[in-house]
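The values are calculated or read from the model by the stated rules, or taken from the named source; none is laboratory data. From a predicted model like this one, the values you see are computed outputs, not experimental measurements. Glycine also receives a Cβ, built like all others from the backbone with ideal geometry; neighbour counts cover every protein chain displayed.
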Amino acid sequence: MLKPGGRFVTLTTNPDLYTFDRPDYRKYGFDVSVEDRVYEGALIRFTCYVEDSTIEIENYYLSVTAYAKAFRNAGFRDFTVRMPDRTPPARTKRTTGTTS
């Protein structure tokens, strides 16, 4: 049970999945296949390549609006989507001490 004022964090498929060309993910050990067009409930299939076998995971497309509505209906007051930031972290100068 989530305590009042508690925080619930989840991870889902990028809701913009249908708006960009998907690269070949096989070099990362998996592949993604989607329906020809986007719609609520469209199948998204992940195929993970593990040694000599595969694991298939089925997911279903939901828009951010659908997630927001579901969370609101479940009693959540706040709903925020944060997209991953692919910007590399800024390099900082490391100091190991000073010499006199």
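In table form, for the structure just shown:
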item	result
First in region 67-81 and of a type outside the set (S, T, Y), second anywhere and assigned to a helix (DSSP H, G or I) and at pLDDT 90 or above, Cβ under 7 Å, 6 or more apart	F79/A68; F79/F71; F79/R72; V81/V64
Any pair with Cβ under 9 angstrom, 6 or more apart, that starts in region 82-95 at a residue that is within 28 Å of Y67 (Cβ to Cβ) and ends at one that is modelled with pLDDT of 70 or more and among the polar types (S, T, N, Q)	M83/N14; P84/N14
Region 10-33, subset of a type in the set (A, V, I, L, M) and surrounded by 12 or more Cβ atoms within 10 Å (Cβ to Cβ), residue nearest to E56 (Cα to Cα)	V32
Region 1-54, residues that are small (G, A, S) and within 24 Å of F79 (Cβ to Cβ)	G5, G6, G41, A42
Exclusive hit being out of contact with any helix residue (DSSP H, G or I) (no Cβ under 7 Å at 6 or more places or on another chain) and modelled with pLDDT of 90 or more, set A68, A90	A68
Where a residue in region 5-30 is at negative phi and its partner, wherever it lies, is among the acidic types (D, E), with Cβ under 9 Å and at least six apart	Y18/E35; D24/D31; Y25/D31
Top-ranked residue in region 13-46 [being hydroxyl-bearing (S, T, Y) and modelled with pLDDT of 85 or more; ranked as farthest from the chain's Cα centre (by Cα)]	Y39
Count of region 31-66 residues which are in contact (Cβ under 8 Å) with a residue 24 or more places away in the chain and under 19 Å from M83 (Cα atoms)	7
